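**Student:** Sending over a structure as structure tokens; questions will come in a sec.
The values are calculated or read from the model by the stated rules, or taken from the named source; none is laboratory data. Keep in mind it's a predicted model, so treat the numbers as computed, not measured. So basically every Cβ, Gly included, is an ideal-geometry build from the backbone, and we count neighbours across all protein chains shown.
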Amino acid sequence: MSRARRLSGHALPPIVLGAVLIGLWQALVDGFAIKSWILSSPSEIWRQLTSLFSGIVTATTNTGVNAIVGLVVGVAIAVVLAGLCTRLRLLGQALTPVVGALAAVPIVCTAPLFLFMYGLTSSTPRRAVVAIAAFVPVYLNTIRGLSEVSSVHDDLMRSLAASRTDVLRIIRFPGALPHFCTGLRIAASLAVISAVVSEYFGGLQNGLGYFISAQAHSTNYPAAWAAVFAAVALGLIFFAGAVLLERVLLERRAATAS
């Protein structure tokens with residue numbers, strides 16, 4: 001079976017289901033004459049999306065930039081710290097519980113804090129929130145993968161007088177790739193969520209979070225829903241990018257191992 005047919009086989013069922021759900025949604029709103037402030041119809045949302053398309057695209061781009069910058073920073077710090085904690089056991093024992101506690105900190109607490117720390121005209125607060133949200137799952141999954149080296153491989157590297165750094169580079173990091181990719185997929189979705197949520201607390205008025213809030217406050221609910229769907233599309237793009245990167249990394253690892 002060709003790759004195109006496999007892709008169409010995977011994509012066709014959710015597309016059909018989505019079309020059916022949208023049709024039922026439209027029929028429900030029209031049939032019961034539901035007001036837009038209760039539930040906007042897909043046709044109303046589509047009209048607002050087309051009329052405000054340039055503004056929504058600009059807001060989506062700004063949110064996407066904040067999300068990707070924060071994601072890259074958070075992932076980089078997570079991988080470096082995971083490697084150091086594997087190399088220095090005491091550091092790992094001290095840091096891992098702190099990261100676990102950091103995972104319990106709500107975004108709504110950190111966003112206003114960073115906003116007042118870095119100023120209302122800076123994108124740094126939003127990117128810092130995204131970096132923290134992305135850091136936690138990548139670190140926890142990577143440190144788990146780095147710790148699961150098999151005793152056979154460990155003994156082999158010891159018999160070859162390999163240093164701990166060599167073991168980390170040759171055995172642990174390639175072995176931890178599946179765990180890292182799992183954390184990356186989680187972090188990719190969290191990056192968009194964190195970027196949008198952080199925009200509700202003020203600062204630059206150029207992202208999806210502000211756009212949704214402004215349209216809702218002006219009672220233009222279909223436009224707010226249009227921006228919500230733009231945020232969903234952005235999240236799907238980030239998730240798809242993480243899945244694609246996972247496939248590339250794992251295929252390269254398999255090729256190297258063979």
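**Student:** Any idea how many residues of the stretch 85-104 are part of a helix (DSSP H, G or I), under 24 Å from the mean Cα position of the chain (by Cα) and free of Cβ contacts under 8 Å to residues at least 40 places away in the same chain?
**Tutor:** Going through the stretch 85-104 one residue at a time, the tally reaches 5.
**Student:** Name, by its number, the condition in (1) closer than 24 Å to Ala233 by Cβ; (2) of a type outside the set (Val, Ile, Thr); (3) free of Cβ contacts under 8 Å to residues at least 12 places away in the same chain that does not hold for Gly64.
**Tutor:** (3)
**Student:** Still on this structure: Of the residues that make up the stretch 27-38, is at least one assigned to a helix (DSSP H, G or I) and under 27 Å from Ala240 (Cα atoms)?
**Tutor:** Going through the stretch 27-38, the residues assigned to a helix (DSSP H, G or I) turn out to be 27-31.
Next, only the ones that are under 27 Å from Ala240 (Cα atoms) stay: none.
No: zero hits.
**Student:** Can you give me the number of residues within the stretch 115-132 that are of a type outside the set (A, V, I, L, M), in a helix (DSSP H, G or I) and in contact (Cβ under 8 Å) with a residue 40 or more places away in the chain?
**Tutor:** First pass over the stretch 115-132, keeping only residues of a type outside the set (A, V, I, L, M): 116, 118-119, 121-127.
Filter once more, keeping what is in a helix (DSSP H, G or I): 116, 118, 124-127.
Narrowing the set further to residues that are in contact (Cβ under 8 Å) with a residue 40 or more places away in the chain leaves 125-127.
Of the residues in that region, 3 qualify.
**Student:** Residues of the stretch 72-84 being under 13 Å from Arg172 (Cα atoms) and touching a residue at least 40 places away in the same chain (Cβ under 8 Å), which ones?
**Tutor:** Val79, Ala82, Gly83
**Student:** Can you tell me how many residues within the stretch 1-32 are over 25 Å from the mean Cα position of the chain (by Cα), closer than 22 Å to Phe229 by Cβ and modelled with pLDDT under 90?
**Tutor:** So the answer is 1.
**Student:** Kindly indicate whether Ala103 is over 23 Å from Cys181 (Cα atoms) and surrounded by fewer than 17 Cβ atoms within 10 Å (Cβ to Cβ). Full working, then the answer.
**Tutor:** Details: over 23 Å from Cys181 (Cα atoms): no; surrounded by fewer than 17 Cβ atoms within 10 Å (Cβ to Cβ): yes.
It is false that Ala103 is over 23 Å from Cys181 (Cα atoms) and surrounded by fewer than 17 Cβ atoms within 10 Å (Cβ to Cβ).
**Student:** Please work out if Gly209 is at pLDDT 90 or above and either surrounded by fewer than 18 Cβ atoms within 10 Å (Cβ to Cβ) or touching a helix residue (DSSP H, G or I) at 6+ places or on another chain (Cβ under 8 Å) (or both).
**Tutor:** Details: at pLDDT 90 or above: yes; either surrounded by fewer than 18 Cβ atoms within 10 Å (Cβ to Cβ) or touching a helix residue (DSSP H, G or I) at 6+ places or on another chain (Cβ under 8 Å) (or both): yes.
Criteria met by Gly209.
**Student:** How many residues are over 27 Å from Ser41 (Cβ atoms) and not in a helix (DSSP H, G or I) if we restrict to the stretch 189-246?
**Tutor:** Of the stretch 189-246, the ones over 27 Å from Ser41 (Cβ atoms) are 189-191, 194-195, 198, 201-206, 238-246.
After this cut, where a residue has to be not in a helix (DSSP H, G or I) as well, the list is 202-206.
Total satisfying the criteria: 5.
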